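The values are calculated or read from the model by the stated rules, or taken from the named source; none is laboratory data. Everything numeric in this text was worked out from a predicted model, so none of it was measured. Cβ atoms come from the backbone with ideal geometry, glycine included; neighbour counts cover every protein chain shown.
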């Protein structure tokens, strides 16, 4: 069996080599000729999987994308060809939620803003939005939930429409799929009209899809003097992004919000399990067997620990300002894709075990840390 896998997908050899030969490809440059003899195609979001790519791939039995989003996959064509397909919903939900939390605490520190008592609109309450909601449940931040699709399905007890949410919130973070048309279109969900109505000093975070925000309109209103705080991980027209917009952002990064070791590898594991199911074999490999020991795994809190120190604990594991610095220093010389490919290792909050005072245990556990109570 020939397995063709994106060069940026981790642990493919570890999970899939027992099925056959693994060959890597450049996700933006893969050709129909490369796919022609493949039995299995494993991809990420930058590869358009469609008839043009697969028309001569007569041996192809399975396509998997190690991503939540599937807008790059022509599922109708795969179904017509009877090619099995699987995505990885929720694989990086923890990672993206923790990216947003790191961003909020960095913003709090750098702008000297207290998070407790502020209002955060979560636009899109799927795997990622719901994970973020859960992690912030005891943070003291008031959460405003906006997801009309889930509200219509009866899957969301609370729902506020997008314009009301933007009017009420101090911060907004987007976690929607890219939908280019229809009643629930998300392309340019934050368009120029909505951008110009945002309250002065509002914090806008986008870690979903670049096209969810009209980047050109955002640049225009910022140049016109509108006071907004911007944190952008995703951009329109990646990798050829509007670099002029970077100067108007508080923090920037190269579409890596979901790129923890655990998040990326979890996607690979989910595709391995899906291929096992397709082939009718029992999965025998576990992610825990392949992950390295984290550099920082334990800490102890003393009695002087305060609300402000939550950010310091978060940033022990991941500080968004590292990635902001890497992008600003290297985007011109190395380019978007190279920075994304060479992204340094990052771990999730769960890799840190904290010996905590009882008063802080609940919030730390909710954020995702492993916590033991210090009763002394």
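Among the residues of region 156-176, those that are in a loop (DSSP other than H, G, I, E, B), more than 22 Å from the chain's Cα centre (by Cα) and farther than 14 Å from residue 119 by Cα comprise 157, 158, 159, 161. Entry remark, region 351-367: residues being out of contact with any strand residue (DSSP E or B) (no Cβ under 6 Å at 6 or more places or on another chain) and either modelled with pLDDT under 95 or not in a loop (DSSP other than H, G, I, E, B) (or both) number 8 in total.
Residues that are in contact with a strand residue (DSSP E or B) (Cβ under 8 Å, 6 or more places away or on another chain), free of Cβ contacts under 8 Å to residues at least 60 places away in the same chain and not in a helix (DSSP H, G or I) within region 123-136 comprise just one, 125. Hey, can you tell me all the residues within region 71-93 that are within 23 Å of residue 126 (Cβ to Cβ), out of contact with any helix residue (DSSP H, G or I) (no Cβ under 7 Å at 6 or more places or on another chain) and not in a helix (DSSP H, G or I)? If the condition is that a residue be within 23 Å of residue 126 (Cβ to Cβ), out of contact with any helix residue (DSSP H, G or I) (no Cβ under 7 Å at 6 or more places or on another chain) and not in a helix (DSSP H, G or I), then 71, 72, 73, 87 are the ones that fit. With respect to the conditions (1) assigned to a loop (DSSP other than H, G, I, E, B); (2) at pLDDT 95 or above; (3) farther than 28 Å from residue 337 by Cβ, residue 194 lacks only one, and its number is (1).
Within region 31-46, take every residue that is assigned to a loop (DSSP other than H, G, I, E, B) and at pLDDT 95 or above and give me the one that is nearest to the chain's Cα centre (by Cα). Checked region 31-46; the qualifying residue nearest to the chain's Cα centre (by Cα) is 31.
In region 113-122, the condition of being in contact with a helix residue (DSSP H, G or I) (Cβ under 9 Å, 6 or more places away or on another chain), in contact (Cβ under 8 Å) with a residue 60 or more places away in the chain and closer than 22 Å to residue 233 by Cβ is met by no residue.
Of the residues in region 20-28, not one is surrounded by 18 or more Cβ atoms within 10 Å (Cβ to Cβ) and in contact (Cβ under 8 Å) with a residue 24 or more places away in the chain.
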